[in-house]
Amino acid sequence: MIQILLVDDQPLFREGLASLLVLEKDLEVVGEANHGREAIKLAEKLQPDVILMDVRMPVCNGVEATREIQARFPWIRILVLTTFDEDEYVFQSLEVGALGYLLKSTPAKQVAIAIRNVQQGYSQLGPTIAPKVFSQVKSPLESAQTNWQTIFNSRELEILRLLGQGHSNREIAAALHLTEGTVKNHMTNIFCQLGVRDRTQAALWAYENLR
């Protein structure tokens, strides 16, 4: 069961969202907060798996709350769910540790899927948010004007291109007629070569450099 803390200064929105999430058998809303300061206290008390965090709130906004919660409880996953898609909120939230950013217009079923993915450590960006993030991606290798054939072999380049298109390890394995274990081994080498920590960062790099 994935335990969720809802943080939003609109009680009616929290109530409506909670009533929809409770329909999912593997999700449980364990607490609600009106602003970031309450969120920090409840995060310490409840230790939820995932926090759905609004950004613009009184007393303490979502960015500051995310910063403090991630500093104190880095194992808690934070997914921003807000009305606002301004660049400032998007980048600040991701920089301080949020794993995802969705708008409140996202269908409840998609929010539920995002919660599950974030709980497993995967980043989740809404369709209007992803282009903002992709446009700002800078690879540590970018300035070198590198010939990627000298860095990656042909198989790794195929995997990177599919990764950049949003495919999972299973889908990549099926497309290239490989086992998932082989794909994971290639991924490990790719991460090392790029100097990134996870598949999300590698996917962003591939999206920008291998289109």
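We did not get these values from a lab; they are worked out from the coordinates using the rules stated. For clarity, every value in this text was computed on a predicted model and none was experimentally measured. We place every Cβ from the backbone using ideal geometry, glycine too, and count neighbours over all the protein chains shown.
Maximal additional length on extending the residue 161-residue 106 stretch stands at 17.1 nm, based on 0.36 nm per residue less the C-alpha distance. Full extension of the segment from residue 120 to residue 12, taken as 0.36 nm per residue of separation minus the current Cα-Cα distance, would add 36.0 nm. Global dimensions of the range 1-51 from alpha-carbon coordinates: Rg and Dmax equal 10.4, 29 Å.
Placing R0 at 22 angstrom, the Cβ-Cβ distance between residue 188 and residue 26 gives a FRET efficiency of 0.15 after rounding to 0.05.
For the chain, the tally of Lys pairs with Cα-Cα distances below 25 Å comes to 7, considering only residues 8 or more apart or on different chains. The label-point distance for residue 45 and residue 198, in a model that sets each label 7 Å from Cα toward Cβ, rounds to 2.8 nm. Between residue 59 and residue 86, the C-beta separation translates, for a Förster distance of 22 Å, into a calculated FRET efficiency of about 0.65.
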